[in-house]
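Q: One structure, as structure tokens, below. Some questions next.
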Amino acid sequence: MQVTLRIQRFDPERDEKPHFEEYQADVEPTDRLLDALNYVKWYVDGSLAYRRSCAHGICGSDAMRVNGRNRLACKVLVRDLGNPITVAPMLSFQLIKDLVVDMEPFFAKYRALKPYLIADDPPPEKERLQSPVDRERYEDTTKCILCACCTTSCPPFWANGDFYGPAAIVNAHRFIFDSRDHGADERLATLNERNGIWRCRTVFNCTEACPRGIKVTEAMEDVKRALMLRNI
Amino acid sequence: MQAQVSGVLGRYTANKLGMYAWALHRLTGIGVIAFLLVHIIDTAFVMVGPELYNEAMALYKQPFFRPFEVALAAAVIYHALNGIRVTLIDFWEGAARIQERLFYGVLVLFALLFLPSAFIMLRPLFVR
């Protein structure tokens, strides 16, 4: 089938601001949007820039705004998107070229909330054991692939780029509620600051946008309750 | 359900009701604050003199003003009810999972509170 793609283009060497261009792609209804983008890049206009790597919804490279909603191009089928399909880069980040945005501030926020095990007790002889119940506590937030779909769908983040944003907090949640981790207090102290968790206005765009089906807003609320009620 | 929230927030399509609830919450919040500012100013007239104050109050009683008062009532009722919804989401584990149903609850309660109020407020304009 033929689909029309309306793709936002921006070449920093030529353009002052982004504009939309239309392309025809010859694809199967069961093809993914990524296949349609590949068609355009390989057969129509090789200058089109977008990120992709694994193409199977795991690396989190090809997050973009598809018909106005954050999606992974490799996880949506052309037949579910109507015609024409509008494709634009994620909001809030600096544009590099076409659909490619600068993700460095996003990763800086992720690192700022210490997404790694902090344990001051002496390491045991074998592994640090954990009961299935304790493991279940943070199961949902282990699924994050750092695609930034949630963070760039968040109105408080659009308004204030200093907000840590849902993705960084999801990854903090993964360790705050891990029974083997002892860094909850320092992470929660950071999240209690001005640009921390309280910028969340429970808009629920993040939960809708997550390609991994993480209940992002629920995780954010877990963190709020941990701060309010001190129950980790 | 689709809608574009325009302006700075634009270019993103809401899918879940949460975004509508939030946008309305913002809008009504700004509306109520704007009225509060006006209200502080007109109340402050009493310091200048009772005549000025009475004149300002008479302005509010004009039929022309009534629809604005109805809009204010709508804003206050929605903002209060959705505020309770947001508070529930913050404090009650599990509320986030049923946030859309809670929003429908807000709409039902809004209708129950607002429609009779609007009726009572607007009736004197039509019935003498």
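The values are calculated or read from the model by the stated rules, or taken from the named source; none is laboratory data. These numbers were taken from a predicted model, which means no experiment stands behind them. All Cβ positions, glycine included, derive from the backbone under ideal geometry; neighbour counts span all protein chains shown. Note: areas computed on protein heavy atoms with side chains; ligands, DNA, RNA excluded. Shrake-Rupley method; radii C 1.70, N 1.55, O 1.52, S 1.80 Å.
Q: So, restricting to helices (runs of 4 or more DSSP H) that lie completely within region A:108-195, which ones have at least 1 residues that are surrounded by fewer than 18 Cβ atoms within 10 Å (Cβ to Cβ)? Reasoning before the result, please.
A: Working: elements: A:132-136, A:155-159, A:165-176, A:184-191.
Hits in region A:108-195: A:132-136, A:155-159, A:184-191.
Q: So which residues in region A:57-106 are away from chain B (no Cβ under 14 Å), open to solvent by 50 Å² or more (accessible area, probe 1.4 Å) and part of a strand (DSSP E or B)?
A: If the condition is that a residue be away from chain B (no Cβ under 14 Å), open to solvent by 50 Å² or more (accessible area, probe 1.4 Å) and part of a strand (DSSP E or B), then A:Ile96, A:Lys97 are the ones that fit.
Q: Six or more apart or on different chains, Cβ under 6 Å: which pairs go from a residue in region B:93-121 that's free of Cβ contacts under 8 Å to residues at least 12 places away in the same chain to one that's charged (D, E, K, R) and open to solvent by less than 70 Å² (accessible area, probe 1.4 Å)? Could you list them?
A: Within 6 Å, the pairs are B:Ala96/A:Glu218; B:Ala96/A:Glu221.
Q: Within region A:196-214, take every residue that is at the interface with chain B (Cβ under 7 Å from one of its Cβ atoms) and assigned to a loop (DSSP other than H, G, I, E, B) and give me the one that is nearest to the chain's Cα centre (by Cα).
A: Once the filter is applied, the top-ranked residue is A:Phe204.
Q: Using the structure shown, decide if B:Phe68 is open to solvent by 90 Å² or more (accessible area, probe 1.4 Å) and within 14 Å of chain A (Cβ to nearest Cβ). Working first, answer last.
A: On the way: open to solvent by 90 Å² or more (accessible area, probe 1.4 Å): yes; within 14 Å of chain A (Cβ to nearest Cβ): no.
For B:Phe68, the condition - open to solvent by 90 Å² or more (accessible area, probe 1.4 Å) and within 14 Å of chain A (Cβ to nearest Cβ) - is not met.
Q: Every residue in region A:110-140 that is more than 14 Å from chain B (Cβ to nearest Cβ), touching a residue at least 24 places away in the same chain (Cβ under 8 Å) and within 30 Å of A:Ala88 (Cβ to Cβ), please.
A: A:Tyr110, A:Ala112, A:Leu113, A:Pro115
Q: Just to be sure before I move on: is B:Phe45 out of contact with any His (no Cβ under 6 Å at 6 or more places or on another chain), buried (at least 16 other Cβ atoms within 10 Å of the Cβ) and part of a helix (DSSP H, G or I) in the structure I sent? So that I can check it myself, show each step before the final result.
A: Numbers: out of contact with any His (no Cβ under 6 Å at 6 or more places or on another chain): yes; buried (at least 16 other Cβ atoms within 10 Å of the Cβ): yes; part of a helix (DSSP H, G or I): yes.
In short, yes.
Q: Counting only residues that are in a helix (DSSP H, G or I) and of a type in the set (A, V, I, L, M), which one in region B:93-107 is most open to solvent (accessible area, probe 1.4 Å)?
A: From region B:93-107, those in a helix (DSSP H, G or I) are B:96-107; that's our starting set.
Right, trim to of a type in the set (A, V, I, L, M) and you get B:96, B:98, B:102, B:106-107.
Working: B:Ala96: 11, B:Ile98: 44, B:Leu102: 36, B:Val106: 8, B:Leu107: 74 Å².
Ranking the qualifying residues of region B:93-107, first place goes to B:Leu107.
Q: Whether any residue in region A:38-50 is aliphatic (A, V, I, L, M), under 22 Å from A:Cys210 (Cβ atoms), at pLDDT 95 or above and not in a strand (DSSP E or B) is what I want to check. Full working, then the answer.
A: Kept after step one, since they are aliphatic (A, V, I, L, M), are these residues of region A:38-50: A:40, A:44, A:48-49.
Retained after the next criterion (residues that are under 22 Å from A:Cys210 (Cβ atoms)): none.
No, region A:38-50 has no match at all.
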